[in-house]
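Some notes on the structure that comes next.
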Amino acid sequence: MVWISHRDGARCEGCGTEITKGTFVLVARESGIRCLECAGLADLLYLPAGDPALTRRALGLSSRSATVVKFSRTRKRHERQGVLVEEGALERARGECEKDQARREGARVRRRARDAVAEQDYVVRFAQKVRDLFPACPAEEAEAIAIRACQKYSSRVGRSRAAKALDETAINLAVRAHVRHRYSRYDELLVQGLEPFEARPLVAEEIERMLDRWREPAGDPGVR
Ligand SMILES: [Zn+2]
């Protein structure tokens, strides 16, 4: 254990150097206070506490090490400040920690890319389902509906909900909402001050007409 001196005035028992406040010293009953030079620890580097992973690694790789403590007058006890480790061990430990971080960063980038692909795939499948149920719905509208639904059930919410959103009821709801806003007077009625529950029945018929048209086989748009 190495102490950080909390006062000036003492001298090293080995070489007589003055120990000033803040100096690292070894204290032993037989040999008294010694500076790190005399204690044979001067080649070690100080690694302050604060990065537990780095400290653990450096200690594991260092054949010689010491714990650095300081006496706290207010708390009346010694407190751990860091460790002394071999320079080579500290360097290798730093390298390993950096590699770890690079690995974690890489994993995060790959995960994000995977999520983006999954989301894209989800939009495509949703749009396809819209077209299965509403063959006459224009492709770009189906895509707009799918993108909107995808935002609503984004991958963060979880696969089960996303999968659930692909069932027929959910598709119908998404398409109906799209038609309500895009092809009915609904939004206009709300602007005029109607409540949603008042506006909905007024536009129900126009929405149904549009949905019926989209349900017809593609390439037969004129037929009602
Ligand atoms: Zn000395």
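Could you check how many residues of region 16-44 are more than 16 Å from the ligand (Cβ to nearest atom) and in contact with a Ser or Thr (Cβ under 7 Å, 6 or more places away or on another chain)? Final tally of qualifying residues: 1.
Residue by residue through region 16-40, note down the ones that are assigned to a loop (DSSP other than H, G, I, E, B) and more than 19 Å from HIS6 (Cβ to Cβ).
Passing the criteria: GLY16, ARG29, GLU30, SER31, GLY40.
Residues of region 56-63 include none that is in the same structural domain as CYS12 (by TED's automatic domain parsing) and part of a strand (DSSP E or B).
Comparison of LEU47, LEU59, LEU54 shows that the only residue that is more than 16 Å from the ligand (Cβ to nearest atom), under 15 Å from ILE4 (Cβ atoms) and at pLDDT 95 or above is LEU47.
Yes/no matrix, rows are residues, columns are (1) closer than 14 Å to SER65 by Cβ; (2) in the same structural domain as SER62 (by TED's automatic domain parsing); (3) touching a Pro at 6+ places or on another chain (Cβ under 9 Å); (4) surrounded by fewer than 17 Cβ atoms within 10 Å (Cβ to Cβ):
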position: CYS15; (1), (2), (3), (4): no, yes, no, yes
position: ILE19; (1), (2), (3), (4): no, yes, no, no
position: THR23; (1), (2), (3), (4): no, yes, no, no
position: GLY40; (1), (2), (3), (4): yes, yes, no, yes
position: LEU44; (1), (2), (3), (4): yes, yes, no, no
position: ALA49; (1), (2), (3), (4): yes, yes, no, yes
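Per this entry, GLU98 is not counted among residues that are closer than 22 Å to LEU26 by Cα and among the acidic types (Asp, Glu). Scanning region 69-127 for residues that are part of a strand (DSSP E or B) and of a type outside the set (Lys, Arg) gives VAL69, PHE71, SER72, HIS78, GLU79, GLN81, GLY82, VAL83, LEU84, VAL85.
Residues in region 52-75 that are free of Cβ contacts under 8 Å to residues at least 40 places away in the same chain, farther than 21 Å from THR20 by Cα and not small (Gly, Ala, Ser): 7 in all. Candidates in region 1-15 are the residues that are in a strand (DSSP E or B) and farther than 18 Å from LEU84 by Cα; of these, the one that is nearest to the ligand (Cβ to nearest atom) is ARG11. Note on region 16-62: among residues that are polar (S, T, N, Q) and in contact with a strand residue (DSSP E or B) (Cβ under 8 Å, 6 or more places away or on another chain), the one that is farthest from GLY82 (Cα to Cα) is THR17.
When the residues of region 117-175 are filtered to those that are under 21 Å from the mean Cα position of the chain (by Cα) and among the charged types (D, E, K, R), the one that is modelled with the lowest pLDDT is ARG156.
A single entry from VAL223, VAL203 fulfils the requirement of being at pLDDT 90 or above and in contact with a helix residue (DSSP H, G or I) (Cβ under 9 Å, 6 or more places away or on another chain): VAL203.
The values are calculated or read from the model by the stated rules, or taken from the named source; none is laboratory data. Since we're looking at a predicted model, the values are computed, not measured. Virtual Cβ from ideal backbone geometry, glycine too; neighbours counted across all protein chains shown.
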